[in-house]
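Novice: One structure, pasted below without further comment.
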Amino acid sequence: MKIVSKSKIKVDGPGLVTGKQKFVDDFDMPGMLVGKILASPHAHAIIKKIDISKAEKLPGVHAVLYHKNVPRVAHTTAGQGFPEPSPYDTFMFDKKVRYVGDRVAAVAAESEEIAKKALSLIEVEYKILPAILSAKDSLKKNAPVIHDEPEAIMPIPVPYDPKRNIAASTDVQVGDIDKGFAKAALIVEREFKAHYATHCPMEPHITLTYPDENGRLVIITSTQVPFHVRRIVAQTLKLPIKKIRVIKPRIGGGFGGKQEILLEDVCSALTLKSSRPVKIRYTREEEFAKSRTRHEQYVNLKIGATKNGKLTSIYMDVLSNTGAYGSHALTVACNCGSKTLPLYPCDNVRFRATTVYTNLPVGGAYRGYGATQAAFALECLMDEIAYKLKIDPVELRRKNHIKSGGSSPIFEKLGEGKAGVKQTIGSCGLAECITKGARAIGWKKKQLEGRCPQCPNSKINTLKRGFGMCTLMQGSSIPEIDMAAATIKMNEDGSFNLLVGATDLGTGSDTILAQIAAEVLGCDESDMIVLSSDTDITPFDVGAYASSTTYLSGAAVKKTAEKIRDQIIKVAAEVCGGNPKKAIVENKTVKFPDGKNVSFYDIAIHTLYLKDQFQIAATESNISHKSPPPFAAHYVEVEVDTETGEVKLLKYVAAVDCGTEINPKLARGQTEGAVVNGIGYALMEEYIFNEKGKLLTDNFFTYKIPSTRDLPEMKIIHVKSYEDSGPFGAKSVSEISINGALPAISNAIFNATGARLTEGPFTAERVLKAIRRLE
Amino acid sequence: MKIQLTINSKNKTFDIQPDEKLLETLRNNNYKSVKFGCGEGTCGTCTVLINGKPRLSCITFTAQMTGKEITTLEGIGTIENLHKLQKSFLAEGAVQCGYCTPGMILSAKALLDKNKSPTEEEIKKALDGNKCRCTGYGSIIKAIQKLQDH
Ligand code: FES
Ligand code: FES
């Protein structure tokens, strides 16, 4: 391969390193207004009275919106396929507020100062209701009902019981877990809590809307899901889809947080009301309190094993907190099971999940998407089994993990709001990941026996060193649900426009899609002019989520490029009389075995100007029938100060099998970025609320994300495999590696101290408490 | 009020509000490479060089910039003529979304201008205030190490 598997520089790179590329905030329009949103100070309250008249009269204010002057349409903010597997429980504005930060009203004004002033002039009288500030309180008998509005419904046929604060639930079973536990020589059981966290893209959510020359609404927005934005804005504003155009410029990171219709509806409504361009940009504080979060989850896990370490039974029971609204409530919970349990095929498995409403910040899609939370429980409990059976944790994984040709009934049982899809594992480089990772960290069996070995490099005997590991899987796209399409057309100089609905949010997908097309077409990736995501121009794509772009959209691009290649060869054969069956494309030239060549330039000129003219162009679509998992083994080494509880992460090794790396440097960047994001989650990032449900850690001083200072020694290993169902053998890479830090570090802390950390982040305080409990 | 300063070696006069922050002034005058990430001095996306030193423009008053020399990313290279740091960032895959990149490159430039062969520790220290949520920093550090004079 000439272009694929090469670390080509990003097609949008030169513009990015010179600051020329445009993000939403870099678009200005004449007459543009600033939009601001008034947030609820209460966790649960009814708006008894609201008076916007003073705000409306303030000079410079052009629109004030609240629940009485906008359409009341129940919808979900989750940017998912249609019909969405998330409850319709959200309104643009409602007379009830359900968490601190919930929308009360919005204004558009000529400056930020005026907009802020206008917000302060809106008079609101609340009737405060009792609030639910913990997931475990949601299901209690006399718990307040958070969604008592009659409109709240689930658009697909799955259980939904808002009267009991249940946003979603599922229960699937394979075999008989009781029988499985009866056969076990060892049963381990624990509750783990995966804590709240948020994405922290460096670019906060931002949207610009304006009416165009034809009276259509244009939305330039920082989104991962432009087509879902168009559909959901149309729904909430009761506009025809044809009246809306969504443009995705450069995006400053998303990580799932921008798979959400967060500002687009209200910004559009402000534009409709004022007939002016309006820009809303979240402050960093709003980004923390009012965007989306990782669903906080309690994962109760029980595993039975024979004395040789073969798993006989697994019971996973998840209580997931979706906060005030049920965005991704069902699917994140389902992914807890579907993206972890198939890793260790077992005859008897039960997976139960209940997602509840609380009066806390709203859950959503976050890189890892349930797998992060469940892998914490599963991988820590596997570690516990290994220690208890005196088997090397690495060996225990080797004994149980899924292999190429293997399958798990969970794939079929557990889908996203419907049954899943049966699948057999194609490529699986996990065994090699385990071996190479172990070698890189210096894993020795003796880590098993001597717990709490004195730290070899230190004279202070309170410093203990420990090793931990875990294995992981994810998926690549949502099978039988997701769809992607691409269009390619040829230009006069033999270059091509590649139009994709796939959404590059910083990942480099424009580049890898250009590489895939260029590989097929025998040209350079710089001959592909990529345009991603303008709903007026590019074909449909569900968007950037579920680790789907390389696998799903990449295959759509490959198919399209193959069509174009056929068209080009046909023309070339006509021009020079060669045999099209034997032709190849290379160096922007069609080459025939008899030595005849026709250049792309000549083909373009021929088809556009000379004879039987037509536009060389094609559009192809792709749906996925399976979701091949990437696999990984992560290893860490830590040093724990048993006197202070401080954990120092010394080394992190991530060995990953993502199939073919279309662009090795970009793939590596995905792994490295995800690992560091996971480290932040495991060690530093935390939502702390006051007793009224207000988020206290709403800036980077108090919610710490990793900086250069926090980095351990890192080693990223990409193991080669070839996924037959993927474009050039590729599967996904973006999400999997965020899942490892929490369990691997917890296991290492256990190895060092004997204390099991079942709740993150592993701050000194929490670790010390766990150590003290041992004494 | 009026203020005179130098931006990317060009003399400029701006009409500003007394409490205006440099981030706003620069963005309002089309230096769009300077990015808003938090507005409260905690993320580094708004980093510019003031008399060669990396500073956070979101917490800097423009009014105090009289006579100062300010460098933004626009001033160090163009697409046709990239600065060596810009080339190195591209080559190492140190740019994902690119939102942190302007600030990162300027912090790196300030470091290399005073220290031609920084150690890994020195690089980490120099970039400590520049947050990146995409790359995990490894490629950024490598991009800078590659430029060291040996
Ligand atoms: S925007 Fe200035 S430090 Fe974040
Ligand atoms: S590249 Fe996205 S924040 Fe650094």
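Read-outs: derived from the displayed coordinates by stated rules, not from any lab. Just so you know, these numbers come straight off a predicted model, no measurement behind them. Note: ideal-geometry Cβ built from the backbone for every residue, glycine included; neighbour counts use all protein chains shown.
Novice: Order these peptides, A:730-739, A:570-579, by their mean beta-carbon neighbour count within 10 angstrom, highest first.
Specialist: A:730-739, A:570-579
Novice: Here is a follow-up. Given labels modelled 7 Å from the Cα in the Cβ direction, how far is it in nm from A:Glu189 to A:Thr435?
Specialist: 3.9
Novice: Continuing with this model, one more query. Only Lys, Arg, Asp and Glu count, each charged at its Cβ (+1, +1, -1, -1), so figure out the dipole size of the range A:193-338 about its Cα centre, rounded to 20 debye.
Specialist: 300
Novice: Based on DSSP H runs of at least 4 residues, each adding -39500 (n - 2.57), what is the mean residue ellipticity at 222 nm of chain A after dividing by all its residues, to the nearest 500 deg cm²/dmol? Kindly include the intermediate steps, with their values, before the conclusion.
Specialist: Details: 20 runs with 204 residues, N = 775.
Per the formula, -8000 deg cm²/dmol.
Novice: Next question, about the same structure. When the dipole is taken about the Cα centre of the range A:652-698, and only Lys, Arg (+1) and Asp, Glu (-1) are charged at their Cβ, what size is it in debye, to the nearest 20?
Specialist: 80
Novice: Report the FRET efficiency, 1/(1 + (r/R0)^6), for A:Lys444 and A:Lys307, where r is their Cβ-Cβ distance and R0 is 22 Å, rounded to 0.05.
Specialist: Between A:Lys444 and A:Lys307 the formula returns 0.40.
Novice: With unit charges on the beta carbon (Lys/Arg positive, Asp/Glu negative), name the residue among B:Gln17, A:Tyr681, B:Gly52 whose Cα is farthest towards the positive pole of the charge dipole of the protein assembly as shown.
Specialist: The residue sitting most towards the positive pole is A:Tyr681.
Novice: Pairs A:Lys2/B:Lys109; A:Lys8/A:Lys489; A:Lys116/B:Lys32; B:Lys21/B:Lys125; A:Lys399/A:Lys731; A:Lys141/A:Lys694: which are spaced more than 28 Å apart, C-alpha to C-alpha?
Specialist: Those over the limit are A:Lys2/B:Lys109.
Novice: Separate question: Dipole magnitude of chain A about its Cα centre, charges +1 at Lys/Arg Cβ and -1 at Asp/Glu Cβ only, in debye to the nearest 20? Present the calculation step by step, with values, prior to reporting the outcome.
Specialist: Details: 101 positive and 87 negative charges, 289 e Å.
Using only the charged Cβ atoms, the result is roughly 1380 debye.
Novice: If contacts are Cα pairs under 8 angstrom and at least 6 residues apart, what is the relative contact order of chain A in percent? Intermediate values should be presented prior to the final figure.
Specialist: Details: 2081 pairs, mean separation 116.5, N = 775.
It comes to 15 percent, rounded to a whole number.
Novice: What's the extension gain from A:Val421 to A:Asp524 if we count 0.36 nm per residue and subtract their Cα-Cα distance? Walk me through the intermediate numbers first.
Specialist: Details: separation 103, 0.36 × 103 = 37.08 nm, distance 3.72 nm.
Here the segment from A:Val421 to A:Asp524 would lengthen by 33.4 nm.
Novice: What residue among A:Ala182, A:Gly363, A:Val299 has its Cα farthest toward the positive end of the dipole of chain A, where the charges are +1 on Lys, Arg and -1 on Asp, Glu, each on the Cβ?
Specialist: A:Ala182
Novice: Tell me which of B:Thr101, B:Thr135, B:Leu111 sits at the most positive position along the dipole axis of the range B:84-145, charges placed on C-beta atoms (Lys, Arg +1; Asp, Glu -1).
Specialist: Sorting the options by dipole projection puts first B:Thr101.
Novice: Let me ask you something else. For A:Leu58 and A:Lys390 in the same chain, what is the full-extension length gain: residue separation times 0.36 nm, less their Cα-Cα distance, in nm?
Specialist: Full extension of this stretch gives 112.2 nm more.
Novice: Using 0.36 nm per residue of separation minus the Cα-Cα distance, give me the extension gain between A:Lys2 and A:Arg216 in nm, one decimal.
Specialist: Extra length available between A:Lys2 and A:Arg216 comes to 72.7 nm.
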